[in-house]
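The values are calculated or read from the model by the stated rules, or taken from the named source; none is laboratory data. Just so it is clear, the structure is predicted and the values come from calculations on it, not from any experiment. Cβ placement follows ideal geometry from the backbone for every residue including glycine, while neighbour counts extend to all protein chains displayed.
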Amino acid sequence: MWLTPLIGERVAKYEKSFKGDLDEFLAAVEASILDESASAEIVDATDVMVGKTRVAVRVWERFGMLGSSRVSLSLTVAGCDGWVYASAIGSGGSQAVMFKINTISEENFLATAVSAIDAAASRWES
């Protein structure tokens, strides 16, 4: 679930691709994230068609009790020719100025997304 970017800082990230239906997948993930996170709210969304490819972006925010701060979760879903690709990235929650500490709320929000993504995608995976 962790990716080490070029700048050396850890980023909470999860990616998955599978054969499936983008609309059904996205609806299931959206509902699951809101159901599993009492303080979560969708703060923005956009959908675009680029040729035959549909791209949907969703951004949620919730209160992180442990760090007493807000954390965000961005989900990008692309679909083309029956294939779906999802990328979830969690951020925020750290209270340090120079580097990230206390990323537990960020990690927990991403874990909620991972569960939602895997559960929704399992409908098409054998």
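Can you tell me how many residues within region 8-31 are at pLDDT 95 or above and out of contact with any strand residue (DSSP E or B) (no Cβ under 8 Å at 6 or more places or on another chain)?
Going through region 8-31 one residue at a time, the tally reaches 5.
Residue-wise test of (1) at pLDDT 90 or above; (2) crowded, with 16+ Cβ neighbours inside 10 Å; (3) under 15 Å from the mean Cα position of the chain (by Cα).
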{"position": "Val84", "(1), (2), (3)": "yes, yes, yes"}
{"position": "Ser87", "(1), (2), (3)": "yes, yes, yes"}
{"position": "Ile101", "(1), (2), (3)": "no, no, no"}
{"position": "Glu106", "(1), (2), (3)": "no, yes, yes"}
{"position": "Ala116", "(1), (2), (3)": "yes, yes, yes"}
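List every residue pair whose Cβ atoms lie under 7 Å apart, where the two residues are 6 or more positions apart in sequence or sit on different chains, the first residue falls within region 12-24 and is in contact (Cβ under 8 Å) with a residue 40 or more places away in the chain and among the aromatic types (Phe, Trp, Tyr), and the second residue, located anywhere, is crowded, with 18+ Cβ neighbours inside 10 Å and part of a strand (DSSP E or B).
What qualifies is Tyr14/Ala88; Phe18/Val84.
Can you find a residue in region 41-58 that is part of a strand (DSSP E or B), surrounded by 16 or more Cβ atoms within 10 Å (Cβ to Cβ) and of a type in the set (Val, Ile, Thr)?
Our first condition is that a residue be part of a strand (DSSP E or B); within region 41-58, this holds for 41-50, 53-58.
Checking which are surrounded by 16 or more Cβ atoms within 10 Å (Cβ to Cβ) leaves us with 54-56, 58.
Of the ones still in play, those that are also of a type in the set (Val, Ile, Thr) are 55.
Among the residues of region 41-58, at least one is part of a strand (DSSP E or B), surrounded by 16 or more Cβ atoms within 10 Å (Cβ to Cβ) and of a type in the set (Val, Ile, Thr), which makes the answer yes.
Quick one: would you say Phe63 is under 18 Å from Asn108 (Cα atoms), within 16 Å of the chain's Cα centre (by Cα) and not small (Gly, Ala, Ser)? Break it down stepwise before answering.
Numbers: under 18 Å from Asn108 (Cα atoms): yes; within 16 Å of the chain's Cα centre (by Cα): yes; not small (Gly, Ala, Ser): yes.
It is true that Phe63 is under 18 Å from Asn108 (Cα atoms), within 16 Å of the chain's Cα centre (by Cα) and not small (Gly, Ala, Ser).
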